[in-house]
1. If you take the residues of the stretch 20-70 that are acidic (D, E) and closer than 22 Å to P244 by Cβ, which of them is surrounded by the fewest Cβ atoms within 10 Å (Cβ to Cβ)?
2. Checking the conditions here, which among E126, E100 is in contact (Cβ under 8 Å) with a residue 60 or more places away in the chain, among the acidic types (D, E) and not assigned by TED's automatic domain parsing to the domain that holds V50?
3. Sort out which residues of the stretch 194-208 are in contact (Cβ under 8 Å) with a residue 40 or more places away in the chain and either closer than 22 Å to P128 by Cα or touching a helix residue (DSSP H, G or I) at 6+ places or on another chain (Cβ under 6 Å) (or both), and write them in order of number.
4. Can you confirm whether D192 is acidic (D, E) and either within 29 Å of T79 (Cβ to Cβ) or touching a Pro at 6+ places or on another chain (Cβ under 6 Å) (or both)?
5. Considering the stretch 184-210 alone, what residues qualify as being farther than 12 Å from V122 by Cβ, more than 18 Å from the chain's Cα centre (by Cα) and crowded, with 18+ Cβ neighbours inside 10 Å?
6. Please identify the pairs in which a residue from the stretch 19-35 that is free of Cβ contacts under 8 Å to residues at least 60 places away in the same chain has its Cβ atom under 7 Å from the Cβ atom of a residue that is in a loop (DSSP other than H, G, I, E, B) and of a type in the set (A, V, I, L, M, F, W, C), counting only partners at least 6 apart or on another chain.
7. Restricting to the stretch 117-133, count the residues that are buried (at least 18 other Cβ atoms within 10 Å of the Cβ) and assigned to a helix (DSSP H, G or I).
8. Within the stretch 144-162, is there a residue that is at pLDDT 90 or above and assigned to a helix (DSSP H, G or I)?
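The values are calculated or read from the model by the stated rules, or taken from the named source; none is laboratory data. Since the model is a prediction, treat every value here as computed from it, not as a measurement. Positions of Cβ are generated from backbone atoms using ideal geometry, with glycine treated the same way; all protein chains shown enter the neighbour counts.
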Amino acid sequence: MKNGIYIYGIIQTSEPQDFGAMGIGDNAASHVLTVGFKDIAAVISSTPLVVYASLGKEKVLKDLATHQLVIEKVMERFTILPAKFGTMVKTEKEVIEFLENGYALLSRNLHQMAGKIELDVVACWELPKALAAISRQNAQIQAKQQQIAREGEQGRIEDKIMLGQLIEQALKAEKARYQQVILQMLKQETLDTCLHDLANDEMVFNAAFLLEKKKEGSFNQAIQTLDQKLEKALYFRVVGPLPPYSFSTIVFESIDPGRIEEAKKTLGLTGELTDKTLHDAYYQLAKIYHPDKQGGAASTEFERIHTAYRVLENFLEHGLVFAEVYKWKEDTHEQ
(Lines give C-alpha, C1' and ligand atoms only; values in the text may rest on other atoms or scores of the structure.)
Protein backbone atom coordinates (compact mmCIF):
# COMPACT_ATOMS: atom_id res chain seq x y z
CA MET A 1 0.00 0.00 0.00
CA LYS A 2 1.31 3.44 -0.97
CA ASN A 3 2.25 5.80 1.84
CA GLY A 4 0.89 9.32 2.26
CA ILE A 5 1.25 12.04 4.87
CA TYR A 6 -1.00 11.97 7.92
CA ILE A 7 -1.51 15.38 9.59
CA TYR A 8 -2.12 15.47 13.36
CA GLY A 9 -2.13 19.20 13.97
CA ILE A 10 -0.41 22.58 13.67
CA ILE A 11 2.13 24.10 16.06
CA GLN A 12 4.18 27.28 16.16
CA THR A 13 7.87 26.60 15.58
CA SER A 14 10.51 27.66 13.08
CA GLU A 15 12.77 24.71 13.97
CA PRO A 16 12.25 21.09 12.82
CA GLN A 17 10.81 18.90 15.59
CA ASP A 18 11.11 15.14 16.07
CA PHE A 19 8.60 13.47 18.41
CA GLY A 20 9.73 9.87 17.87
CA ALA A 21 7.91 6.71 16.85
CA MET A 22 4.34 6.99 18.13
CA GLY A 23 2.22 7.70 15.05
CA ILE A 24 -0.36 5.75 13.07
CA GLY A 25 1.04 2.72 11.26
CA ASP A 26 0.07 -0.76 10.13
CA ASN A 27 2.52 -3.04 11.91
CA ALA A 28 4.62 -0.53 13.83
CA ALA A 29 4.31 3.04 15.07
CA SER A 30 5.26 5.63 12.46
CA HIS A 31 7.79 8.39 13.09
CA VAL A 32 6.21 11.71 14.03
CA LEU A 33 7.96 14.93 12.98
CA THR A 34 7.19 18.35 11.51
CA VAL A 35 7.03 20.00 8.10
CA GLY A 36 7.22 23.76 8.38
CA PHE A 37 6.45 27.03 6.64
CA LYS A 38 7.85 30.23 8.18
CA ASP A 39 7.16 29.96 11.92
CA ILE A 40 4.37 27.35 11.84
CA ALA A 41 4.56 23.62 11.20
CA ALA A 42 2.36 20.60 10.64
CA VAL A 43 2.89 17.58 12.90
CA ILE A 44 2.95 14.62 10.51
CA SER A 45 3.94 11.02 9.92
CA SER A 46 4.35 8.85 6.83
CA THR A 47 1.35 6.54 6.91
CA PRO A 48 -0.37 4.19 4.43
CA LEU A 49 -2.94 6.13 2.39
CA VAL A 50 -6.44 5.06 3.42
CA VAL A 51 -9.99 6.33 3.25
CA TYR A 52 -11.31 5.98 6.80
CA ALA A 53 -14.94 5.86 5.69
CA SER A 54 -14.16 2.52 4.02
CA LEU A 55 -12.38 0.91 7.00
CA GLY A 56 -13.73 -1.34 9.73
CA LYS A 57 -14.67 0.03 13.15
CA GLU A 58 -11.76 -1.65 14.96
CA LYS A 59 -9.13 -0.04 12.71
CA VAL A 60 -10.82 3.38 12.90
CA LEU A 61 -10.99 3.31 16.71
CA LYS A 62 -7.37 2.15 16.97
CA ASP A 63 -6.13 4.96 14.73
CA LEU A 64 -8.35 7.53 16.45
CA ALA A 65 -6.75 6.60 19.78
CA THR A 66 -3.28 7.02 18.24
CA HIS A 67 -4.32 10.33 16.64
CA GLN A 68 -5.37 11.68 20.05
CA LEU A 69 -2.29 10.26 21.78
CA VAL A 70 0.07 12.06 19.37
CA ILE A 71 -1.79 15.37 19.71
CA GLU A 72 -1.80 15.19 23.51
CA LYS A 73 1.90 14.25 23.64
CA VAL A 74 2.79 17.19 21.39
CA MET A 75 0.64 19.40 23.62
CA GLU A 76 3.07 18.75 26.49
CA ARG A 77 5.59 20.96 24.66
CA PHE A 78 3.57 23.13 22.27
CA THR A 79 0.21 24.78 21.78
CA ILE A 80 -1.35 22.59 19.08
CA LEU A 81 -4.35 23.12 16.84
CA PRO A 82 -5.63 19.57 16.28
CA ALA A 83 -6.36 18.49 12.72
CA LYS A 84 -9.58 16.66 11.99
CA PHE A 85 -9.13 12.89 12.42
CA GLY A 86 -8.26 11.16 9.16
CA THR A 87 -6.61 14.17 7.50
CA MET A 88 -4.20 12.80 4.87
CA VAL A 89 -2.46 14.14 1.76
CA LYS A 90 -0.20 12.46 -0.77
CA THR A 91 3.02 14.50 -0.41
CA GLU A 92 4.87 16.88 1.89
CA LYS A 93 4.58 19.48 -0.87
CA GLU A 94 0.80 19.49 -0.34
CA VAL A 95 1.32 19.97 3.40
CA ILE A 96 3.49 23.04 2.76
CA GLU A 97 0.90 24.37 0.32
CA PHE A 98 -1.81 24.07 2.98
CA LEU A 99 0.42 25.87 5.50
CA GLU A 100 1.25 28.63 3.04
CA ASN A 101 -2.33 29.24 1.91
CA GLY A 102 -3.68 29.05 5.45
CA TYR A 103 -0.81 30.87 7.14
CA ALA A 104 -2.77 33.93 8.34
CA LEU A 105 -5.66 31.84 9.67
CA LEU A 106 -3.44 29.25 11.35
CA SER A 107 -1.14 31.85 12.93
CA ARG A 108 -4.12 33.79 14.27
CA ASN A 109 -5.67 30.70 15.85
CA LEU A 110 -2.36 29.56 17.33
CA HIS A 111 -2.05 32.96 18.98
CA GLN A 112 -5.65 32.80 20.26
CA MET A 113 -5.16 29.32 21.75
CA ALA A 114 -1.71 29.91 23.29
CA GLY A 115 -1.71 29.05 26.99
CA LYS A 116 -5.25 27.64 26.86
CA ILE A 117 -6.66 24.18 27.43
CA GLU A 118 -9.96 22.38 26.98
CA LEU A 119 -11.60 20.55 29.87
CA ASP A 120 -14.59 18.32 29.15
CA VAL A 121 -17.16 17.91 31.91
CA VAL A 122 -19.78 15.18 32.09
CA ALA A 123 -22.33 14.94 34.91
CA CYS A 124 -24.63 11.95 35.40
CA TRP A 125 -27.26 10.87 37.88
CA GLU A 126 -28.54 7.46 38.95
CA LEU A 127 -31.78 7.30 37.01
CA PRO A 128 -33.79 5.20 39.53
CA LYS A 129 -32.90 7.68 42.31
CA ALA A 130 -33.74 10.64 40.08
CA LEU A 131 -37.11 9.11 39.16
CA ALA A 132 -37.92 8.41 42.80
CA ALA A 133 -37.04 11.99 43.80
CA ILE A 134 -39.14 13.47 40.99
CA SER A 135 -42.11 11.28 41.94
CA ARG A 136 -41.91 12.49 45.55
CA GLN A 137 -41.70 16.15 44.50
CA ASN A 138 -44.22 16.28 41.64
CA ALA A 139 -47.90 16.35 42.71
CA GLN A 140 -49.18 15.62 39.17
CA ILE A 141 -47.06 12.49 38.87
CA GLN A 142 -48.11 11.31 42.34
CA ALA A 143 -51.78 11.79 41.54
CA LYS A 144 -51.53 9.94 38.23
CA GLN A 145 -49.57 7.06 39.85
CA GLN A 146 -52.21 6.74 42.56
CA GLN A 147 -55.03 6.76 39.99
CA ILE A 148 -53.37 4.01 37.95
CA ALA A 149 -52.73 1.96 41.12
CA ARG A 150 -56.41 2.24 42.17
CA GLU A 151 -57.72 1.22 38.76
CA GLY A 152 -55.35 -1.72 38.46
CA GLU A 153 -55.86 -3.84 35.36
CA GLN A 154 -58.96 -1.81 34.50
CA GLY A 155 -56.85 1.32 34.02
CA ARG A 156 -56.77 3.01 30.65
CA ILE A 157 -53.65 2.85 28.50
CA GLU A 158 -54.03 6.60 27.91
CA ASP A 159 -53.40 7.25 31.63
CA LYS A 160 -50.18 5.23 31.53
CA ILE A 161 -49.04 7.14 28.44
CA MET A 162 -49.85 10.42 30.20
CA LEU A 163 -47.82 9.30 33.24
CA GLY A 164 -44.86 8.55 31.01
CA GLN A 165 -45.14 11.98 29.41
CA LEU A 166 -45.33 13.70 32.81
CA ILE A 167 -42.22 11.86 33.99
CA GLU A 168 -40.36 12.69 30.77
CA GLN A 169 -41.24 16.40 31.10
CA ALA A 170 -40.20 16.46 34.76
CA LEU A 171 -36.85 14.77 33.99
CA LYS A 172 -36.21 17.25 31.20
CA ALA A 173 -37.00 20.20 33.46
CA GLU A 174 -34.77 18.86 36.23
CA LYS A 175 -31.90 18.35 33.79
CA ALA A 176 -32.33 21.93 32.54
CA ARG A 177 -32.22 23.21 36.11
CA TYR A 178 -28.99 21.33 36.85
CA GLN A 179 -27.45 22.51 33.57
CA GLN A 180 -28.10 26.16 34.45
CA VAL A 181 -26.57 25.73 37.91
CA ILE A 182 -23.46 24.04 36.48
CA LEU A 183 -22.97 26.61 33.72
CA GLN A 184 -23.42 29.53 36.07
CA MET A 185 -20.75 28.16 38.41
CA LEU A 186 -18.17 27.06 35.83
CA LYS A 187 -18.45 29.93 33.34
CA GLN A 188 -16.82 32.20 35.92
CA GLU A 189 -13.56 30.29 35.43
CA THR A 190 -13.67 29.91 31.64
CA LEU A 191 -13.34 31.79 28.35
CA ASP A 192 -15.78 29.81 26.21
CA THR A 193 -18.24 26.94 26.47
CA CYS A 194 -19.42 24.36 23.98
CA LEU A 195 -22.40 22.19 24.88
CA HIS A 196 -22.45 18.65 23.52
CA ASP A 197 -25.38 16.29 23.10
CA LEU A 198 -26.44 14.06 25.99
CA ALA A 199 -25.67 10.43 25.18
CA ASN A 200 -28.36 8.79 27.35
CA ASP A 201 -30.97 9.35 30.07
CA GLU A 202 -28.35 9.02 32.81
CA MET A 203 -26.29 11.91 31.41
CA VAL A 204 -27.39 15.31 32.70
CA PHE A 205 -24.63 17.58 31.44
CA ASN A 206 -21.99 17.31 28.72
CA ALA A 207 -19.84 20.28 27.73
CA ALA A 208 -16.35 21.44 26.81
CA PHE A 209 -14.80 24.49 28.46
CA LEU A 210 -11.95 26.62 27.15
CA LEU A 211 -9.82 28.20 29.86
CA GLU A 212 -6.40 29.55 30.67
CA LYS A 213 -4.11 26.70 31.73
CA LYS A 214 -3.26 28.58 34.92
CA LYS A 215 -6.95 28.36 35.92
CA GLU A 216 -7.12 24.56 35.81
CA GLY A 217 -6.78 24.32 39.60
CA SER A 218 -9.54 26.82 40.34
CA PHE A 219 -11.78 25.12 37.76
CA ASN A 220 -11.36 21.76 39.50
CA GLN A 221 -12.08 23.45 42.83
CA ALA A 222 -15.30 24.84 41.32
CA ILE A 223 -16.29 21.28 40.37
CA GLN A 224 -15.79 20.18 43.99
CA THR A 225 -17.85 23.14 45.22
CA LEU A 226 -20.61 22.19 42.78
CA ASP A 227 -20.55 18.60 44.00
CA GLN A 228 -21.08 19.80 47.57
CA LYS A 229 -23.74 22.36 46.59
CA LEU A 230 -25.74 19.71 44.75
CA GLU A 231 -25.32 17.29 47.68
CA LYS A 232 -23.76 14.63 45.47
CA ALA A 233 -26.94 14.28 43.42
CA LEU A 234 -24.71 14.12 40.30
CA TYR A 235 -21.48 12.32 39.54
CA PHE A 236 -18.94 14.57 37.83
CA ARG A 237 -16.19 13.44 35.46
CA VAL A 238 -13.60 15.90 34.13
CA VAL A 239 -11.47 14.90 31.12
CA GLY A 240 -8.33 16.87 30.32
CA PRO A 241 -6.38 18.96 29.94
CA LEU A 242 -6.98 18.56 26.22
CA PRO A 243 -6.08 20.56 23.11
CA PRO A 244 -8.97 22.74 21.86
CA TYR A 245 -10.83 19.98 19.99
CA SER A 246 -14.21 21.71 20.42
CA PHE A 247 -12.98 25.24 19.74
CA SER A 248 -10.31 25.14 17.05
CA THR A 249 -9.96 21.93 15.02
CA ILE A 250 -8.25 22.41 11.67
CA VAL A 251 -9.85 21.05 8.50
CA PHE A 252 -7.83 20.92 5.28
CA GLU A 253 -9.86 21.15 2.10
CA SER A 254 -8.84 20.61 -1.50
CA ILE A 255 -10.74 21.02 -4.76
CA ASP A 256 -10.14 18.61 -7.62
CA PRO A 257 -9.12 20.62 -10.73
CA GLY A 258 -11.54 18.45 -12.70
CA ARG A 259 -14.42 19.85 -10.62
CA ILE A 260 -13.33 23.38 -11.53
CA GLU A 261 -13.51 22.59 -15.25
CA GLU A 262 -16.83 20.80 -14.88
CA ALA A 263 -18.29 23.73 -12.91
CA LYS A 264 -17.11 26.23 -15.53
CA LYS A 265 -18.72 24.12 -18.23
CA THR A 266 -22.01 23.99 -16.26
CA LEU A 267 -22.08 27.79 -16.06
CA GLY A 268 -20.93 28.27 -19.66
CA LEU A 269 -17.68 30.01 -18.66
CA THR A 270 -14.87 29.79 -21.23
CA GLY A 271 -12.72 32.87 -20.65
CA GLU A 272 -11.00 34.31 -17.60
CA LEU A 273 -12.64 33.38 -14.30
CA THR A 274 -13.26 36.42 -12.07
CA ASP A 275 -15.80 37.34 -9.42
CA LYS A 276 -17.68 39.41 -12.02
CA THR A 277 -17.78 36.77 -14.76
CA LEU A 278 -18.86 34.14 -12.23
CA HIS A 279 -21.66 36.27 -10.76
CA ASP A 280 -22.87 37.38 -14.20
CA ALA A 281 -23.03 33.81 -15.53
CA TYR A 282 -24.82 32.55 -12.40
CA TYR A 283 -27.31 35.45 -12.48
CA GLN A 284 -28.23 34.80 -16.12
CA LEU A 285 -28.87 31.09 -15.51
CA ALA A 286 -30.70 31.72 -12.22
CA LYS A 287 -33.17 33.96 -14.06
CA ILE A 288 -34.18 30.91 -16.08
CA TYR A 289 -33.88 27.97 -13.65
CA HIS A 290 -34.54 29.42 -10.18
CA PRO A 291 -37.51 27.67 -8.47
CA ASP A 292 -39.34 31.01 -8.31
CA LYS A 293 -39.29 31.00 -12.12
CA GLN A 294 -40.54 27.42 -12.17
CA GLY A 295 -43.68 28.00 -10.13
CA GLY A 296 -41.90 27.17 -6.87
CA ALA A 297 -41.00 23.65 -7.99
CA ALA A 298 -37.54 22.37 -7.07
CA SER A 299 -35.30 22.35 -10.12
CA THR A 300 -32.57 19.71 -10.46
CA GLU A 301 -30.90 21.90 -13.04
CA PHE A 302 -30.84 24.87 -10.67
CA GLU A 303 -29.31 22.72 -7.93
CA ARG A 304 -26.57 21.71 -10.39
CA ILE A 305 -26.00 25.36 -11.34
CA HIS A 306 -25.89 26.48 -7.70
CA THR A 307 -23.42 23.71 -6.79
CA ALA A 308 -21.15 24.74 -9.67
CA TYR A 309 -21.34 28.36 -8.54
CA ARG A 310 -20.33 27.43 -4.97
CA VAL A 311 -17.38 25.36 -6.21
CA LEU A 312 -16.04 28.26 -8.29
CA GLU A 313 -16.76 30.82 -5.57
CA ASN A 314 -14.74 28.70 -3.13
CA PHE A 315 -11.94 28.35 -5.65
CA LEU A 316 -11.75 32.11 -6.27
CA GLU A 317 -11.66 32.82 -2.53
CA HIS A 318 -9.26 30.08 -1.37
CA GLY A 319 -7.56 28.42 -4.34
CA LEU A 320 -7.31 24.67 -4.85
CA VAL A 321 -6.12 23.94 -1.29
CA PHE A 322 -7.00 25.78 1.91
CA ALA A 323 -7.42 25.44 5.65
CA GLU A 324 -10.55 26.10 7.70
CA VAL A 325 -11.19 26.17 11.44
CA TYR A 326 -13.99 23.93 12.66
CA LYS A 327 -15.73 25.13 15.82
CA TRP A 328 -18.23 22.62 17.17
CA LYS A 329 -20.98 25.06 18.15
CA GLU A 330 -20.75 26.95 14.83
CA ASP A 331 -21.13 23.77 12.80
CA THR A 332 -23.75 22.01 14.91
CA HIS A 333 -25.85 24.26 17.11
CA GLU A 334 -25.32 27.69 18.57
CA GLN A 335 -25.32 27.92 22.36
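1. Of everything passing the filter in the stretch 20-70, D39 is surrounded by the fewest Cβ atoms within 10 Å (Cβ to Cβ).
2. The conditions single out E126.
3. Narrowing the stretch 194-208 to residues in contact (Cβ under 8 Å) with a residue 40 or more places away in the chain: 194-196, 201-208.
Result: C194, D201, E202, M203, V204, F205, N206.
4. Details: acidic (D, E): yes; either within 29 Å of T79 (Cβ to Cβ) or touching a Pro at 6+ places or on another chain (Cβ under 6 Å) (or both): yes.
Yes; evaluated as a whole, the condition is true for this residue.
5. L186, E189, T190
6. The qualifying pairs are A21/A29; M22/A29; G23/A29; S30/I24.
7. Result for the stretch 117-133: 1.
8. Quick first cut of the stretch 144-162, residues at pLDDT 90 or above only: none.
Looking through the stretch 144-162, none of the residues is at pLDDT 90 or above and assigned to a helix (DSSP H, G or I).
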